[in-house]
1. What residue, of B:195, B:230, is at pLDDT 85 or above and crowded, with 22+ Cβ neighbours inside 10 Å?
2. Counting residues that are within 13 Å of chain B (Cβ to nearest Cβ), which helices (runs of 4 or more DSSP H) fully inside segment A:29-130 reach at least 3?
3. Select, from B:189, B:168, the only residue that is facing chain A (nearest Cβ under 9 Å) and assigned to a helix (DSSP H, G or I).
4. Can we say residue B:96 is aliphatic (A, V, I, L, M), at pLDDT 80 or above and surrounded by fewer than 18 Cβ atoms within 10 Å (Cβ to Cβ)?
5. Check every one of the helices (runs of 4 or more DSSP H) wholly within segment A:132-192 and list those with 1 or more residues that are within 28 Å of residue B:211 (Cα to Cα) and of a type in the set (Val, Ile, Thr).
6. One residue is enough: does segment B:40-51 have a residue meeting the conditions modelled with pLDDT of 75 or more, more than 10 Å from chain A (Cβ to nearest Cβ), open to solvent by 30 Å² or more (accessible area, probe 1.4 Å) and on the phi < 0 side of the Ramachandran plot?
7. Give me a count of the residues in segment B:80-93 that are of a type in the set (A, V, I, L, M, F, W, C) and open to solvent by less than 10 Å² (accessible area, probe 1.4 Å).
8. Which of the residues that make up segment B:59-77 are modelled with pLDDT of 85 or more and within 14 Å of chain A (Cβ to nearest Cβ)?
Amino acid sequence: MAESSAGAAETRPAFRARHTPSFWYRLTNSEAVLALVCIAPATLLLLFILAYPVIQTLAFAFYSRDLLKAELGTQFVGLANFAWLLDYDRFWLALQNSVLLTVVTVFFELAIAMVVALMLAEPFRGVGIVRGLFILPWAIPTIVTAFVWRGLFSPRYGLINQVISEVGRLVSGPSYQFQFDWLSNSAFAMLGVIIVYIWRGFPFVFLVLLAGLQSLPQELSDAARIDGANGWKEFWYVTLPQLKPVILIAVILRTITVFNWFDLVWLLTGGGPQNATLVLPILVYNRAFVAFQVGRASVITAVMFVILAILTYFFLSQQRDEEHAR
Amino acid sequence: MLATTYRPVRFRWRYVRIPVAAVLMVLYFSPIYWMFKTALQPEHEISLNAMNLFTPSFTLENFARVLSEPRFFGWVKNSLILAIATMVVAVLVSTLAGYSLARLRFWAVKFLGRPFLLAYIVPSVMIVVPVFVTFAGIGWQNTYHAIIITYTSFAVPFCTWLLRAYFLTLPTELEDAALIDGCSRLGALFRVIVPLAAPGMVTAGLFSFVLAWNEFLFAFVFVFSDDMRPLSVGLMATILEAVYGSSADLSIFKVGAMFALCVLAAIPVLLVFLFLQGWLVRGLAAGAVKG
């Protein structure tokens with residue numbers, strides 16, 4: 001008895017010493033330090049690659065910088081670039097085209113992806129392969145997508161003209177040949193670009209919605225059906241409200257991507273014919289890399305940035321309201 | 001018993017959805033079908049403008065022509081290097097960041113995490129020049145690591161968001177058990193969390209791999225030497241030369257061969273997607289719910 005209490009008295013100081021940790025121990029075992037160290041690589045990457053160029057771009061919107069007139073250098077011009085933009089007809093045309101392209105593309109992507117996701121949410125034999133097939137366009141490089149679709153729309157060997165020709169041959173004899181250059185027609189070019197955008201963007205929306213549908217609890221749907229809801233009512237009043245956060249995320253990401261999408265439309269039409277598919281990213285490219293007017297390209301970028309920032313803030317606040325409502 | 005008694009509505013829907021899905025699939029796959037068909041068609045049929053929806057004469061001559069082009073294998077090798085490196089770095093960086101956001105409690109981290117997805121509102125056209133100038137300033141022009149860092153920074157916001165959400169769905173008890181057993185926090189992350197988060201990790205990895213494999217604008221601007229070009233840039237150069245150039249003496253620049261090249265560029269990723277789609281859905285499921 002006495003021995004053990006003496007032992008306890010002896011160990012107490014040692015016990016205290018071990019739990020008054022050194023500075024180094026606290027540094028290496030602190031959750032705050034570990035949290036910062038873990039997030040540092042990602043943050044530094046984004047600061048270096050994204051934040052710095054953005055700040056530079058926003059700053060250049062207030063300067064005149066013409067690479068073809070290098071002797072003028074970089075001059076501070078205040079709001080002159082913004083004044084130029086207000087009078088620049090092509091900007092308003094491109095803004096109109098961009099908004100049209102984004103709204104129509106995102107809406108139809110969502111609508112079609114919702115139908116397909118609902119059809120493929122419940123398992124049947126071979127569902128994995130069918131789902132896998134529906135996300136294939138995501139895996140095809142942009143350059144291949146543009147090339148194949150240009151071929152599909154092409155007047156000489158395009159699939160669309162071939163199908164019309166086949167039907168025409170059945171109707172009016174074997175010599176019928178349909179030739180129409182879809183992407184060179186200013187009335188159809190935008191529609192063509194929208195179709196390609198939907199085709200290419202569909203897989204991501206489909207996957208997100210499918211994942212969202214699969215993680216919904218089954219109980220609410222079952223309850224609705226017991227209460228006598230038909231398929232449509234069950235979808236509209238039970239499934240859709242539960243999916244709202246997922247749909248919001250899909251809309252945010254797709255709106256941003258489509259609004260900023262440069263390479264696909266550039267490779268498909270280059271903004272033509274007669275500026276029918278001129279969108280803001282193409283306008284930026286033409287100002288910066290064809291006309292070499294960095295200041296003016298920056299002011300267009302700044303406007304795009306502000307539009308997207310406002311939209312994203314609006315969508316995110318919607319989502320936050322959702323979270324509070326629960 | 002109960003499950004089968006109140007499903008008459010579902011039952012009719014099941015008969016409708018298969019034909020509807022079939023029609024949608026035919027429309028949706030016609031471009032891919034057409035790409036494969038043209039790649040398998042003899043060149044003279046394409047150039048004679050005598051093409052039909054279904055070609056009776058299949059040939060592999062277009063593929064043979066692409067595979068006899070020595071530059072093709074160089075492009076594939078370069079694309080693989082870029083895509084695999086991007087995948088590894090992006091997943092590692094995003095795992096750490098996602099873990100930090102999901103599990104470690106520190107006010108600054110919450111503050112840093114919010115704007116991660118906002119990175120996507122930056123139009124890529126405009127950052128090509130500043131990023132290129134920065135890399136040229138430190139002597140990294142025409143190098144792979146500049147491209148890998150750029151691609152990684154494009155993949156990281158989405159992957160971090162996805163992995164953070166996935167980590168949030170895992171029970172903390174397993175991690176606590178590992179910590180009590182004497183594991184460090186990072187040890188717990190890599191030995192307990194990472195194996196459990198496999199669907200999320202696979203999804204993040206696929207997303208980064210596809211992004212790097214398909215991207216061409218930055219690779220086009222950053223790489224000048226011919227032997228360092230990835231497949232996407234090689235493809236674009238080939239197509240541009242075929243459409244606008246006069247170098248018709250090179251046998252690869254034929255329509256059929258270009259389609260064969262397109263098929264070969266798409267096939268590796270197509271196969272990966274077909275086999276891993278179940279993982280993709282599971283990986284996104286967590287992210288989609290948590291937002």
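1. It is B:230.
2. Filter on segment A:29-130 gives A:31-46, A:52-60, A:89-121.
3. B:189
4. no
5. Counting at least 1 such residues, we get A:142-153.
6. Checking segment B:40-51: at least one residue is modelled with pLDDT of 75 or more, more than 10 Å from chain A (Cβ to nearest Cβ), open to solvent by 30 Å² or more (accessible area, probe 1.4 Å) and on the phi < 0 side of the Ramachandran plot.
7. 3
8. Scanning segment B:59-77 gives B:75, B:76.
The values are calculated or read from the model by the stated rules, or taken from the named source; none is laboratory data. Remember, it's a predicted structure, so these values are computed and weren't measured experimentally. With ideal geometry, Cβ positions are generated from the backbone for all residues, glycine too; neighbour counts draw on all protein chains shown. Protein only, heavy atoms only, side chains kept; ligands, DNA and RNA dropped before computing areas. Shrake-Rupley method; radii C 1.70, N 1.55, O 1.52, S 1.80 Å.
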